């Protein structure tokens, strides 16, 4: 392959300087301030029917414009999950419903001239609730006589096993071989349940949306979202208006991590604007993000893992119970990754596998998308089981993985029978072992001051977009003076996709990165794109960019040939110009741009669309060294080494930052971040005072390296990286804690209190 000039190089993000200088970029910066303030009155009950709701006194507050209740909204059920139509998530929501299904569910929408008026009015609304029994335990939800969704107009558009009369959002069983027979024949069987709680994305910019009626009478939505086209479709359904009446765009996004793959905030100001004709804005408080957002799905993963005495893993049986909460958002799709992105890691030796799951409705906050998207939960369980197996057999856990891991060229039955065409997992493991100094750090070291040091390891895989579903598109245009405009529908949420896709244009068109201007994402102006989720942007949209550039070269050659009086085959694109192959004439890009603007019928732009029938997995190995204080139970992460196979890293700097950020989030999930409920279903950690996220002081020393493979279906051999990076810390740290204490912790987070109580129970 020819030497690449831009791809694979550590280019600075296009917006880095403006962000560093605090230039206006986000929803609140780029929208007018003289608009209606919108807020939502929320339910204090986990499950209730609204008998009556009186807004008369509240509406007398000076500055109040409107208060809407369930009586004012269309009776059109929808899902807020940003997914390709037909959505796998059942349509089970109304904008406002007479039945409220969790503490924090929407009861009324208030709109006023200022925040003070709205907050005062909210306190004056009188609601009479009929409090109903609630389903708070996911173990008892399935076939419970208390139904979270008894309504008759509940609808499942896809055959995911959903049944609202059983509190089932989804269910499925798949597998290969006789699992029970092989397990019965195994020398050793690990059989445990691992539990991961909901996790909050805790992005810096909370959910927020601005809406107005544009000069053409259309609803114009400016929102911090990852999914402009899905927002348009969902709003159209919820408001019962044509999609043609809605225009959605996003400015810079202050973090998403999957939270903004759901229509969390958009619906309420949109409804206000459509009803009143006035501009409106809703900004979620941090408390609302914590209690009425879209956290990671709580999952309980039961793993039965069978092996022989030599460490050959022969069978794996995985059952996942997933708690989708009060609504279906992403429930049917996240759960699949808990098995399909964990079991295939051990394709090298597996004789049989089974993967089954139930996704249940309960009366707690609805879950949604979060980086890792179900794989995180499943990998915590499966990798922990493998580490327990290694301990049981007295085999080094690195050696055990070397014996059993998937390798390049293997077909993965548990991953939809996709082949591992590009897999450097073996090299990732070897390199991580080397830079971590595994042989020296794996033995437990007593520091002589009541503290011990220990280490753990984990592997992970993910995907690159949703195979056979996700669509990416890009438009590349030659503009005045010979620079290029790249228009995309994918959303840069700090990931740097604007820069990465521009690097691909620069590489394809043989120009400087500064010569590519990027615009997106706008439902009116951008070509259709599923959105920025499922680690799809680099792999899927990147391939569309590659295709568009090839088409544009053909168009430029055609225009140049027409002008030079020859055939398109007689000219060639050189990057700076199109010249005749015999060297007798040429046209610069600037000349071609000017030529295209007068008496021309050849477009100097190209739009391409791409969808992939496969989703090649990236792979990763992580190793953690901790120091555990036996007097307090506190755990300090000292060192974390990670080696990632993401195919060709388009921008190593941005890939490294992605990896480091995901590792830190994973450390938070493993050690700090906790969601608990009162006996009435109220979330107790409703602010960042109670919900502890990791800081720079909690991450230890991070080192990230890449072992590149070449994915033939990806742009320049690239795969994804955005999600896999969060998956290894939890099992690696859990193993390190076991090594330090002799205790396996199978529920996250592993807090000092749990460790200390566990050690005391062990001593007793």
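The values are calculated or read from the model by the stated rules, or taken from the named source; none is laboratory data. Note that the structure is predicted; figures quoted are calculated from it, not measured. With ideal geometry, Cβ positions are generated from the backbone for all residues, glycine too; neighbour counts draw on all protein chains shown.
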Out of contact with any strand residue (DSSP E or B) (no Cβ under 9 Å at 6 or more places or on another chain), closer than 30 Å to residue 220 by Cβ and part of a helix (DSSP H, G or I) - does that describe any residue in the stretch 263-284?
-> no
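For (1) assigned by TED's automatic domain parsing to the domain that holds residue 474; (2) crowded, with 23+ Cβ neighbours inside 10 Å; (3) at pLDDT 95 or above; (4) not in a strand (DSSP E or B), each residue gets a yes or a no:
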{"position": "591", "(1), (2), (3), (4)": "yes, no, yes, yes"}
{"position": "633", "(1), (2), (3), (4)": "no, no, yes, yes"}
{"position": "640", "(1), (2), (3), (4)": "no, yes, yes, no"}
{"position": "644", "(1), (2), (3), (4)": "no, yes, yes, no"}
Name the one entry in 429, 400 that is within 30 Å of residue 713 (Cβ to Cβ) and either buried (at least 17 other Cβ atoms within 10 Å of the Cβ) or assigned by TED's automatic domain parsing to the domain that holds residue 643 (or both).
-> 429
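Going residue by residue through the stretch 184-206, is there one that turns out to be part of a helix (DSSP H, G or I) and within 30 Å of residue 309 (Cβ to Cβ)? Quick ask: steps written out before the conclusion?
Start the filter on the stretch 184-206 by keeping residues that are part of a helix (DSSP H, G or I), which leaves 184.
Within this subset, residues satisfying the condition of being within 30 Å of residue 309 (Cβ to Cβ) are 184.
Scanning the stretch 184-206, I find at least one residue that is part of a helix (DSSP H, G or I) and within 30 Å of residue 309 (Cβ to Cβ), so the answer is yes.
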For residue 116, are the conditions met, namely being free of Cβ contacts under 8 Å to residues at least 40 places away in the same chain and assigned by TED's automatic domain parsing to the domain that holds residue 227?
-> no
When residue 693 is evaluated against the numbered criteria (1) over 22 Å from the mean Cα position of the chain (by Cα); (2) part of a loop (DSSP other than H, G, I, E, B); (3) surrounded by fewer than 19 Cβ atoms within 10 Å (Cβ to Cβ), which criterion, by number, is the only one it fails?
-> (1)
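Listed here are the residues, each with its yes/no results for (1) outside the structural domain of residue 103 (by TED's automatic domain parsing); (2) under 30 Å from residue 207 (Cβ atoms); (3) within 26 Å of the chain's Cα centre (by Cα); (4) crowded, with 24+ Cβ neighbours inside 10 Å.
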position	(1), (2), (3), (4)
304	yes, no, no, no
315	yes, no, no, yes
318	yes, no, yes, yes
323	yes, yes, yes, yes
342	yes, no, yes, yes
360	yes, yes, yes, yes
363	yes, yes, yes, yes
For the stretch 716-723, does any single residue satisfy the condition of being at negative phi, in contact (Cβ under 8 Å) with a residue 40 or more places away in the chain and in a helix (DSSP H, G or I)?
-> no
Check residue 743 against each of (1) out of contact with any strand residue (DSSP E or B) (no Cβ under 7 Å at 6 or more places or on another chain); (2) more than 28 Å from residue 431 (Cα to Cα); (3) in contact (Cβ under 8 Å) with a residue 24 or more places away in the chain; (4) outside any helix (DSSP H, G or I) and name the one condition it does not meet.
-> (3)
Given (1) touching a residue at least 60 places away in the same chain (Cβ under 8 Å); (2) within 30 Å of residue 707 (Cα to Cα), residue 656 misses just (1)
What number goes with the only condition from (1) over 18 Å from residue 255 (Cβ atoms); (2) part of a helix (DSSP H, G or I) that residue 659 does not pass?
-> (1)
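Residue under question is residue 11, and the condition is that it be farther than 19 Å from residue 210 by Cα, surrounded by fewer than 19 Cβ atoms within 10 Å (Cβ to Cβ), touching a residue at least 12 places away in the same chain (Cβ under 8 Å) and in contact with a helix residue (DSSP H, G or I) (Cβ under 8 Å, 6 or more places away or on another chain); does it hold? Quick ask: steps written out before the conclusion?
Numbers: farther than 19 Å from residue 210 by Cα: yes; surrounded by fewer than 19 Cβ atoms within 10 Å (Cβ to Cβ): no; touching a residue at least 12 places away in the same chain (Cβ under 8 Å): yes; in contact with a helix residue (DSSP H, G or I) (Cβ under 8 Å, 6 or more places away or on another chain): yes.
Against the criterion (farther than 19 Å from residue 210 by Cα, surrounded by fewer than 19 Cβ atoms within 10 Å (Cβ to Cβ), touching a residue at least 12 places away in the same chain (Cβ under 8 Å) and in contact with a helix residue (DSSP H, G or I) (Cβ under 8 Å, 6 or more places away or on another chain)), residue 11 does not qualify.
Condition check ((1) crowded, with 22+ Cβ neighbours inside 10 Å; (2) over 30 Å from residue 360 (Cβ atoms); (3) touching a residue at least 60 places away in the same chain (Cβ under 8 Å)) across all residues:
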site: 163; (1), (2), (3): no, no, no
site: 168; (1), (2), (3): yes, no, yes
site: 208; (1), (2), (3): yes, yes, yes
site: 226; (1), (2), (3): yes, no, yes
Taking the stated definitions as given, is residue 480 without any contact (Cβ under 8 Å) to a residue 24 or more places away in the chain and over 28 Å from residue 729 (Cα atoms)?
-> no
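Residue-wise test of (1) within 24 Å of residue 205 (Cβ to Cβ); (2) out of contact with any helix residue (DSSP H, G or I) (no Cβ under 8 Å at 6 or more places or on another chain).
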residue	(1), (2)
458	no, no
462	no, no
475	no, no
484	no, no
488	yes, no
498	yes, yes
501	yes, no
513	no, no
533	yes, no
Got a sec? Which of 667, 683 is outside the structural domain of residue 538 (by TED's automatic domain parsing), under 27 Å from residue 618 (Cβ atoms) and crowded, with 18+ Cβ neighbours inside 10 Å?
-> 667
Look through 77, 99 and report the one residue that is outside the structural domain of residue 529 (by TED's automatic domain parsing) and under 26 Å from the mean Cα position of the chain (by Cα).
-> 77
Extreme residue, farthest from residue 612 (Cα to Cα), among residues of the stretch 412-435 that are assigned to a helix (DSSP H, G or I) and within 24 Å of the chain's Cα centre (by Cα) = 428
